[in-house]
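Remarks on the structure that follows.
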Amino acid sequence: MMKAQSHVGLTVKDLDTSIYFYRDLLGLEIGTEPSPWFDHAGLGPAVGVPGAILRQVCLRLGETFMELLEYSAPPSDTEAPLLSHNLGASHVAFEVDDIVAKKAELESKGISFYSDINVVDDGVLAGWRWVYFADPDGYPLELVEYAYSRPQEEVDAGIAKYLANRPTPPNG
């Protein structure tokens, strides 16, 4: 059984620059001191990256961690993070109590946002307030405020309907 999410890992170009951004600008706490460079022979097979040499740090994010990893080898196959529509792309969303105030605070620190705050008041995401921005490497991040929640029985009914009507997986 899965108990909880331990951490989300994110590969960055420069660990120190990213620590500044996530700690000093966004306010995450350092949970473990930055590691030395790991370059032992078993690392590559363990992380699925032949010849891997990396260092990392964990930043506390509520009850979980955000792990930042900087690889010195092998060189990256990409110059920038994948755009959201690409297979394997991801983003991290930070829940906030007041999205208007948090967006203004981050803008005052020089952070640019992709758009104004998006407001959703109908459908499955009713109550969401959200807006995207990027870290120093261009990795997409999101602020989310849950202004209100849909009634749980409505959510449960939607889940039950999906499960009853979902397509059968291939080879399933």
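The values are calculated or read from the model by the stated rules, or taken from the named source; none is laboratory data. None of these values were measured; they are calculated from a predicted model. Backbone-built Cβ (ideal geometry, glycine too); neighbour counts: all protein chains shown.
Here is how the numbers come out for the structure above:
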| quantity | calculated |
| --- | --- |
| Options GLY31, GLY62, GLY27, GLY42: the member that is over 27 Å from LEU143 (Cα atoms), small (Gly, Ala, Ser) and not assigned by TED's automatic domain parsing to the domain that holds TRP130 | GLY42 |
| Residue match in the range 30-51 (condition: under 30 Å from ARG150 (Cβ atoms) and not basic (Lys, Arg)) | no |
| Some residue of the range 33-44 being part of a strand (DSSP E or B), among the hydroxyl-bearing types (Ser, Thr, Tyr) and touching a strand residue (DSSP E or B) at 6+ places or on another chain (Cβ under 8 Å) | no |
| Failed condition for SER84, given (1) out of contact with any helix residue (DSSP H, G or I) (no Cβ under 7 Å at 6 or more places or on another chain); (2) more than 25 Å from ILE111 (Cα to Cα); (3) touching a residue at least 12 places away in the same chain (Cβ under 8 Å) | (2) |
| Test: LEU125 is farther than 30 Å from PRO151 by Cβ and either among the hydrophobic types (A, V, I, L, M, F, W, C) or without any contact (Cβ under 8 Å) to a residue 24 or more places away in the chain (or both) | no |
| Residues that are more than 19 Å from the chain's Cα centre (by Cα), under 16 Å from PRO136 (Cα atoms) and surrounded by 12 or more Cβ atoms within 10 Å (Cβ to Cβ), drawn from the range 66-112 | GLU107 |
| Positions within the range 39-61 being in contact (Cβ under 8 Å) with a residue 24 or more places away in the chain and closer than 29 Å to PHE133 by Cα, in sequence order | VAL49, ARG55, GLN56, VAL57, CYS58, LEU59, ARG60, LEU61 |
| Pair list, Cβ under 6 Å, 6 or more apart: the range 1-14 residue assigned by TED's automatic domain parsing to the domain that holds ALA73, other residue part of a loop (DSSP other than H, G, I, E, B) | VAL12/ASP137; LYS13/ASP137 |
